[in-house]
1. Using a Förster radius of 51 Å, what is the FRET efficiency between Asn117 and Glu166 based on their Cβ-Cβ separation? Nearest 0.05, please.
2. Probe of 1.4 angstrom, ligands and nucleic acids ignored: what's the accessible area per residue over the chain, in square angstrom?
3. How much of the accessible area of the chain, in percent, comes from carbon and sulfur atoms when a 1.4 Å probe is used?
4. With the chain treated as a Gaussian network of Cα nodes joined by springs under 10 Å, which of Gly213, Gly266, Gly284 yields the largest mean-square fluctuation?
5. Mind ordering 130-136, 99-105 by average Cβ neighbours within 10 Å, highest first?
6. Which peptide among 167-173, 249-255 comes first, and what is the full order, when sorted by highest mean count of other Cβ atoms within 10 Å?
7. With Rg and the Kirkwood Rh both taken from Cα atoms, where does Rg over Rh land for the chain?
8. Using 0.36 nm per residue of separation minus the Cα-Cα distance, give me the extension gain between Cys159 and Lys210 in nm, one decimal.
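The values are calculated or read from the model by the stated rules, or taken from the named source; none is laboratory data. Small disclaimer: the values here were computed from a predicted structure and weren't measured. Note: ideal-geometry Cβ built from the backbone for every residue, glycine included; neighbour counts use all protein chains shown. Just so you know, the surface numbers come from the protein's heavy atoms only, side chains and all, with ligands and any DNA or RNA stripped out. Shrake-Rupley method; radii C 1.70, N 1.55, O 1.52, S 1.80 Å.
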Amino acid sequence: MAKTKILCVADGGITKNLMEQMHELEKYDAEVTIIEDKDMYAMGPITDRMLLIEHGGVDAAPICQELLENCADKDILVVHVASINKEIINACKNLKVAAVLRGGYENADIAALTEKNIKLINAPWRSANAVADFTVGMMIAENKNIARSHKLIFEGKWCKKYANQEYIHDMRTMTAGIVGFGYIGQRVAERLQGFGTKVIVYDPYIDKSKFAGTDVKFVELDELLASADFVSVHLRLSEKTQHFIGTDELAKMKETAYLINTARSGLVDTDALVNALKNKTIGGAAIDVYDEEPLPKDHPYLQLDNITLTSHLAGTSCDTMRNSVEIGVEDLKLYLTGKKMLNVRN
């Protein structure tokens, strides 16, 4: 019986050393080959590439030439940020599974894969713990003025009064509204419960019965916006969720509430948020993702005194990339042993 041929594409995020774990699959009669995407040599180019694909789709990104040259006879492709587009898919004669070792899978043409009955899997919770930790940190930083105080001290200023002085509260007295209750949203809720923070959730797609008997309270979006002190967005970006938080939604928030976005910039209408912050119709915001990265020097966010900004760091953790490979290996083990994979997306 012929071996299952697996081609893995390492890069500056999931390095060749990390990808070596895929050799574990050789215990299941697989032949593993690892190549490198030299263009994606570091996290800077990787972030730029994913932003390009987020805005322009999978076909907006250049093809990985070495992937194209080596994929023809492979049964399984494993990538991090290299694109699995129509050209790659059409070049494969035996492809049965495409694995994208990321939380999202925008760099794979899901329609083309589905049309050819090729399964797509990803690593959905690879950065969930890192992003959840960061999200709670952003809530505390914005509420307690941690980043602003740090910046001002470096400027020689000892500030004891801030724009939100009248509504700085203990976390145990606050309500956090989580919009989207997937891998990350659930972990944010777990962490907040340790502070005694009340958590309310809006997610019309989740099976709420799974959370029966827990402290999770599901509410409609309008109720969440009206009662939450933190509104934290954790949706997947799609045509349906583009600018999910816009002028109307911001107007429904409390004047003392904070908007937190560590997910995708497109989920929030930037112009609407700038206006809400400028006019003080909401209390503040903490933002890690932007329509354009790096953030331009003339961006209106930089003129505000009620926003905390970070440079797309939420998923950064030495554990994220390792988690990615481990999730992929476990799912492919299931496939190679004739079992149902856990993270199929089509």
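1. Details: r = 60 Å, r/R0 = 1.17.
According to the calculation, E is roughly 0.30.
2. Working: 16510 Å² over 346 residues.
Accessible area per residue: 48 Å².
3. Values: 8350 of 16510 Å².
About 51 percent, which is the carbon plus sulfur part of the accessible surface.
4. Comparing Gly213, Gly266, Gly284 in a Gaussian network model of the chain, the most mobile one is Gly213.
5. On the way: 130-136: 23.4, 99-105: 25.0.
Highest-to-lowest ranking by the protection proxy: 99-105, 130-136.
6. On the way: 167-173: 13.0, 249-255: 17.6.
Ranking, from highest mean packing down: 249-255, 167-173.
7. Values: Rg = 21.8 Å, Rh = 21.5 Å.
Answer for the chain: 1.01.
8. Numbers: separation 51, 0.36 × 51 = 18.36 nm, distance 4.65 nm.
Answer, rounded to one decimal: 13.7 nm.
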